[in-house]
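Below is one structure, written out as structure tokens; the observations come after it.
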Amino acid sequence: MPMTRRHFLQQGTASAVVLATTRSLPADPLGLPIGCQTYPVRASINPDFAGTMRGLSAAGFQTIELCSPFGYKDFSSLAQYKPSELRRMLHDYGLTCISAHFDTGELFHHAEERIAWAKELGLTQMATASLGFGTLREGVPPTVGDVNRVTDLFNTFAAKAHDAGMVAVLHNEGFEVTSIDGKRVYDMEIERLDPRTVKLQFQVSTMQKGFDPVDYFARYPHRYISMHCQDWVMNSDGQAKEVALGKGVVDWKKVFTAAGKARIQNYFVELEQDPALMAQSVPYLKSLQV
């Protein structure tokens, strides 16, 4: 369902009222600011960025993760601002932003320009959703050679980001949840990516494909920096329906406990099926004791 400005602001105001009654509850999970990935509200970013950000702030979000205006068309209007201007705007809306997603073409072919943009914006994390987006041969089954090639490219970018004081971050969806010759692509990538310059961001919804965040956080305790948070219930037809955090199947106390041990630095609520569910997730996160 597209998120209109009116609907989103109404939802944000309602959530702010709910949050006013939760001020005395324990700190947010791990003492980290409650974050929101902005991709689910992309339909309102270009026409009303200010209203969208104010709605997120009113809902109780303290930090956001953006998407690049050069690689994501729904964010293209943000290119009109200097990164320093965008940073001041977010501050005025009561939000911080230290992480953003970029497509692989940007990172592999325009690394210096994107790193400069990110640094001026104040980012410390430059993430990409998948190393398979735009890098694999269409209609040709991927090979181990493809894994080696794309991880080499990401390592090259990560070294440049590291020299500029930032960290490259790999998310896990798409190519990452597939297998080649019975071995998970994601596991092969982690083995090849340089732990000195590359961190990982876990997509919790990949639990539906057998990827357990608790398992990965335990196996790679110093590799993860971030996670995207989704919750869901399974319909009678076997399809997952997203719900507000705490209303579905995910054991968030267990996940956040493992995330804390793995030294996660930030997390972002990301509920794309109905963006209003993100605001509805804030009171639960305010009350979650870990």
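The values are calculated or read from the model by the stated rules, or taken from the named source; none is laboratory data. For clarity, every value in this text was computed on a predicted model and none was experimentally measured. So basically every Cβ, Gly included, is an ideal-geometry build from the backbone, and we count neighbours across all protein chains shown. Just so you know, the surface numbers come from the protein's heavy atoms only, side chains and all, with ligands and any DNA or RNA stripped out. Shrake-Rupley method; radii C 1.70, N 1.55, O 1.52, S 1.80 Å.
If the condition is being outside any loop (DSSP other than H, G, I, E, B) and of a type in the set (Val, Ile, Thr), then segment 113-125 contributes only 115. When residue 135 is tested against the conditions (1) over 19 Å from the mean Cα position of the chain (by Cα); (2) assigned to a loop (DSSP other than H, G, I, E, B); (3) under 16 Å from residue 194 (Cβ atoms), the lone failure is (3).
Matching residues to (1) open to solvent by 10 Å² or more (accessible area, probe 1.4 Å); (2) in a helix (DSSP H, G or I):
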{"position": "201", "(1), (2)": "no, no"}
{"position": "217", "(1), (2)": "no, yes"}
{"position": "246", "(1), (2)": "yes, no"}
{"position": "249", "(1), (2)": "yes, no"}
{"position": "253", "(1), (2)": "yes, yes"}
{"position": "260", "(1), (2)": "yes, yes"}
{"position": "263", "(1), (2)": "yes, no"}
{"position": "282", "(1), (2)": "no, yes"}
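Could you check how many residues of segment 194-208 are more than 23 Å from residue 148 (Cα to Cα) and more than 15 Å from the chain's Cα centre (by Cα)? Final tally of qualifying residues: 2. Taking residue 161, is it in a strand (DSSP E or B) and within 16 Å of residue 200 (Cα to Cα)? The answer is no for residue 161.
Determine whether segment 10-18 contains at least one residue that is open to solvent by less than 30 Å² (accessible area, probe 1.4 Å), more than 21 Å from residue 252 (Cα to Cα) and modelled with pLDDT of 95 or more. No.
For segment 146-179, enumerate the residues that are buried (at least 21 other Cβ atoms within 10 Å of the Cβ) and among the charged types (D, E, K, R). Passing the criteria: only 176.
Of everything in segment 60-97 that is of a type in the set (Asp, Glu) and within 17 Å of residue 39 (Cα to Cα), the residue that is surrounded by the most Cβ atoms within 10 Å (Cβ to Cβ) is 65. Please verify whether residue 237 is surrounded by fewer than 21 Cβ atoms within 10 Å (Cβ to Cβ), at pLDDT below 95 and farther than 18 Å from residue 202 by Cβ, treating the condition exactly as stated. The answer is yes for residue 237.
Candidates 277, 285: the one that is touching an Asp or Glu at 6+ places or on another chain (Cβ under 7 Å), without any contact (Cβ under 8 Å) to a residue 60 or more places away in the chain and under 22 Å from residue 39 (Cβ atoms) is 277.
For segment 265-280, a residue qualifies if it is of a type in the set (S, T, N, Q) and either within 13 Å of residue 30 (Cα to Cα) or assigned to a helix (DSSP H, G or I) (or both), and the qualifying residues are 265, 266, 280.
Scanning segment 219-234 for residues that are over 26 Å from residue 189 (Cα atoms) and either open to solvent by 60 Å² or more (accessible area, probe 1.4 Å) or in a loop (DSSP other than H, G, I, E, B) (or both) yields a count of 1.
Test residue 150 against the stated conditions and say whether it is in contact with a strand residue (DSSP E or B) (Cβ under 7 Å, 6 or more places away or on another chain), modelled with pLDDT of 95 or more and of a type outside the set (Phe, Trp, Tyr).
Details: in contact with a strand residue (DSSP E or B) (Cβ under 7 Å, 6 or more places away or on another chain): no; modelled with pLDDT of 95 or more: yes; of a type outside the set (Phe, Trp, Tyr): yes.
For residue 150, the condition - in contact with a strand residue (DSSP E or B) (Cβ under 7 Å, 6 or more places away or on another chain), modelled with pLDDT of 95 or more and of a type outside the set (Phe, Trp, Tyr) - is not met.
Checked against the criterion of being open to solvent by less than 20 Å² (accessible area, probe 1.4 Å), polar (S, T, N, Q), under 21 Å from residue 162 (Cα atoms) and assigned to a loop (DSSP other than H, G, I, E, B), segment 98-112 contains not a single residue that satisfies it. Across segment 37-85, the number of residues qualifying as free of Cβ contacts under 8 Å to residues at least 60 places away in the same chain and part of a loop (DSSP other than H, G, I, E, B) comes to 13.
Scanning segment 180-195 for residues that are part of a helix (DSSP H, G or I) and free of Cβ contacts under 8 Å to residues at least 24 places away in the same chain, we see that the one that is surrounded by the most Cβ atoms within 10 Å (Cβ to Cβ) is 187.
The sole residue among 145, 174, 132, 139 that is over 20 Å from residue 272 (Cα atoms), of a type in the set (Gly, Ala, Ser) and in contact with a Phe, Trp or Tyr (Cβ under 7 Å, 6 or more places away or on another chain) is 132.
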